[in-house]
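Accompanying notes for the structure given below.
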Amino acid sequence: MVYSTDPDFKYETLRDEEPATLAPAQQDLRVWLDRRHRGGKVATLVRGFVGRDDDLQALARMLKTRCGVGGAAKEGEIIIQGDHRDRVVDMLTRSGYRCKKAGS
């Protein structure tokens, strides 16, 4: 809507609501190693997170800090630079998440 002459008009936008964040014990995370689209460098991927983007960012920040590396979190996936799969699985299980190693 660009313009309305109706004085009682209320502009409403359609918003995709983020799903509620599941408790760590209900999350089912998979930890992968990936080399695709990274110039041959290895990255650790954490997939399967269900919840708000803010909670995903907080979990990614914790993992990046404890591994001492960079990374990103977007579209329900956490990317950690380097091969830290064993360390990430250990940290997630200690934090109460259900997670498994997956892929190669």
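The values are calculated or read from the model by the stated rules, or taken from the named source; none is laboratory data. From a predicted model like this one, the values you see are computed outputs, not experimental measurements. Neighbour counts are summed over all protein chains in view; Cβ atoms, including those assigned to glycine, are modelled from backbone coordinates with ideal geometry. SASA here: full protein model, heavy atoms, side chains in, ligands and nucleic acids out. Shrake-Rupley method; radii C 1.70, N 1.55, O 1.52, S 1.80 Å.
Taking a sphere under 9 Å around the Cβ of V89 and counting the other residues whose Cβ falls inside, with K and R at +1 and D and E at -1, yields a net charge of +2.
Once you reduce region 67-104 and region 33-55 to the center of their Cα atoms, the two points are 8 Å from each other. Charge dipole (Cα centre; +1 on Lys/Arg Cβ, -1 on Asp/Glu Cβ; no other charges) of the chain amounts to roughly 980 debye. For a Förster distance of 25 Å, can you work out the FRET efficiency between the beta-carbons of A25 and Q81, rounded to the nearest 0.05? Calculated value: 0.35. The accessible surface of the chain, taken with every protein chain in place and a 1.4 Å probe, is 47 percent carbon and sulfur. Computing FRET efficiency as 1/(1 + (r/R0)^6) for D54 and S4, where r is the C-beta to C-beta distance and R0 is 35 Å, gives about 0.55. Placing E18, E77 in order of accessible area, with the largest value first and a 1.4 Å probe, yields E18, E77.
In the list (i) 8.6; (ii) 9.5; (iii) 6.8, the label attached to mean projected area of the Cα convex hull in nm² as derived from the coordinates here is (ii).
Sorting 64-71, 7-14 by their mean Cβ neighbour count within 10 Å, with the most densely packed peptide first, gives 64-71, 7-14. Ordering G82, L45, A20 by the projection of their Cα atoms onto the charge dipole of the chain, which places +1 on the Cβ of Lys and Arg and -1 on the Cβ of Asp and Glu, puts G82 at the extreme positive end. The mean accessible area for residues of the chain, using a 1.4 Å probe and ignoring ligands and nucleic acids, is 72 Å² per residue.
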